[in-house]
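**Q** Questions regarding the structure given below will be posed in turn.
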């Protein structure tokens, strides 16, 4: 094998190995089916991360059974995370119109500074083509002292119906609590109604 052919073979091997490594490190995200009911959390603040833990209790699945859905999410500044509720509850499309559930949510601001964070979030819901309609979004604003910045540097959400894992999610949260009623509409949107305004939760108030 001459020198040029050897160099070419080495270059090809490097390209193949590099491509394989890139694919191994790339997270595969399955897109939602058409019409699926989604829930999105957006952090509009530019100066801090948000750690948000949420639970939907006693929601009906497609088979008629009841379950809890727990969500543990980290949102970077101007970040978004999305959960596919239809997939979690066993529906191949939108949740049935008229479906209602209560979303309980705890929020901590994390940053590399001191003082108070101005939490500026929205909770959006609906099908993929309706979820960005801000007229149906719930704007959550509150003020709370910063917690130290996390080592997490990406938007991420973990969703489970396992009660033990959900309890672990809830252990790591301390400050702002809000409670929302979410109703699925026939046109693919959702209506979000505040049941309890953002307040310092018991754990935070008690230190």
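The values are calculated or read from the model by the stated rules, or taken from the named source; none is laboratory data. Since the model is a prediction, treat every value here as computed from it, not as a measurement. When we count neighbours, we look across all protein chains shown, and the Cβ atoms used for this are built from the backbone with ideal geometry, even at glycine.
**Q** Before we move on, is residue 186 over 13 Å from residue 51 (Cβ atoms) and assigned to a helix (DSSP H, G or I)?
**A** On the way: over 13 Å from residue 51 (Cβ atoms): yes; assigned to a helix (DSSP H, G or I): no.
No, not satisfied.
**Q** Name the residues in segment 135-163 that are under 21 Å from residue 181 (Cβ atoms) and in contact with a helix residue (DSSP H, G or I) (Cβ under 8 Å, 6 or more places away or on another chain), would you?
**A** Answer for segment 135-163, where residues must be under 21 Å from residue 181 (Cβ atoms) and in contact with a helix residue (DSSP H, G or I) (Cβ under 8 Å, 6 or more places away or on another chain): 159, 161.
**Q** Let me ask you something else. Which one of the conditions (1) under 19 Å from residue 182 (Cα atoms); (2) at pLDDT 95 or above; (3) out of contact with any helix residue (DSSP H, G or I) (no Cβ under 7 Å at 6 or more places or on another chain) does residue 69 fail to meet, given that it meets all the rest?
**A** So the condition that residue 69 fails would be (3).
**Q** Please work out which residue is modelled with the lowest pLDDT, limiting yourself to segment 19-43 and to residues that are in a loop (DSSP other than H, G, I, E, B) and surrounded by 10 or more Cβ atoms within 10 Å (Cβ to Cβ). Write out each step before concluding.
**A** Restricting attention to segment 19-43, the residues satisfying the condition of being in a loop (DSSP other than H, G, I, E, B) are 26-37.
Pick out the ones that are also surrounded by 10 or more Cβ atoms within 10 Å (Cβ to Cβ) and you get 32-37.
Working: 32: 81, 33: 87, 34: 88, 35: 93, 36: 97, 37: 97.
Result: 32.
**Q** Pick from segment 63-74 the residues that are over 14 Å from the mean Cα position of the chain (by Cα) and surrounded by 13 or more Cβ atoms within 10 Å (Cβ to Cβ): which of them is nearest to residue 171 (Cα to Cα)? Steps first, answer last, please.
**A** Going through segment 63-74, the residues over 14 Å from the mean Cα position of the chain (by Cα) turn out to be 63-68.
Right, trim to surrounded by 13 or more Cβ atoms within 10 Å (Cβ to Cβ) and you get 67-68.
On the way: 67: 20, 68: 17 Å.
So the residue we want is 68.
**Q** Moving to a separate point now. Which of (1) surrounded by fewer than 13 Cβ atoms within 10 Å (Cβ to Cβ); (2) in contact with a strand residue (DSSP E or B) (Cβ under 7 Å, 6 or more places away or on another chain); (3) over 20 Å from residue 69 (Cα atoms); (4) at pLDDT 95 or above does residue 116 not meet, given it meets every other one?
**A** Of everything listed in (1) surrounded by fewer than 13 Cβ atoms within 10 Å (Cβ to Cβ); (2) in contact with a strand residue (DSSP E or B) (Cβ under 7 Å, 6 or more places away or on another chain); (3) over 20 Å from residue 69 (Cα atoms); (4) at pLDDT 95 or above, residue 116 misses just condition (4).
**Q** Does segment 133-143 include one or more residues that are in contact with a strand residue (DSSP E or B) (Cβ under 6 Å, 6 or more places away or on another chain), closer than 17 Å to residue 58 by Cα, free of Cβ contacts under 8 Å to residues at least 60 places away in the same chain and not in a strand (DSSP E or B)?
**A** no
For every residue, the table says whether it meets (1) at positive phi; (2) buried (at least 19 other Cβ atoms within 10 Å of the Cβ).
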residue: 121; (1), (2): no, yes
residue: 126; (1), (2): yes, yes
residue: 133; (1), (2): no, no
residue: 136; (1), (2): no, no
residue: 145; (1), (2): no, no
residue: 152; (1), (2): no, no
residue: 156; (1), (2): no, no
residue: 159; (1), (2): no, yes
residue: 162; (1), (2): no, no
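**Q** Select, from 64, 98, the only residue that is over 17 Å from residue 176 (Cβ atoms), at pLDDT 95 or above, out of contact with any strand residue (DSSP E or B) (no Cβ under 8 Å at 6 or more places or on another chain) and not in a strand (DSSP E or B).
**A** Details: 98 fails: out of contact with any strand residue (DSSP E or B) (no Cβ under 8 Å at 6 or more places or on another chain).
Only one candidate qualifies: 64.
**Q** Moving on. If you scan segment 164-182, which residues turn out to be assigned to a strand (DSSP E or B) and surrounded by 19 or more Cβ atoms within 10 Å (Cβ to Cβ)? Write out each step before concluding.
**A** As a first pass, look at segment 164-182 and keep what is assigned to a strand (DSSP E or B): 176-182.
Selection gives 176, 177, 178, 180, 182.
**Q** Output the number of residues of segment 75-93 satisfying the condition of being free of Cβ contacts under 8 Å to residues at least 40 places away in the same chain and either over 14 Å from the mean Cα position of the chain (by Cα) or assigned to a strand (DSSP E or B) (or both). Steps first, please.
**A** Kept after step one, since they are free of Cβ contacts under 8 Å to residues at least 40 places away in the same chain, are these residues of segment 75-93: 77-78, 89-90.
Pick out the ones that are also either over 14 Å from the mean Cα position of the chain (by Cα) or assigned to a strand (DSSP E or B) (or both) and you get 89-90.
Total satisfying the criteria: 2.
**Q** Identify, from the list 86, 94, the residue that is over 12 Å from residue 160 (Cα atoms) and touching a helix residue (DSSP H, G or I) at 6+ places or on another chain (Cβ under 8 Å). If you could, list the steps in order and put the result at the bottom.
**A** Numbers: 86 fails: touching a helix residue (DSSP H, G or I) at 6+ places or on another chain (Cβ under 8 Å).
Of the residues listed, the single one that is over 12 Å from residue 160 (Cα atoms) and touching a helix residue (DSSP H, G or I) at 6+ places or on another chain (Cβ under 8 Å) is 94.
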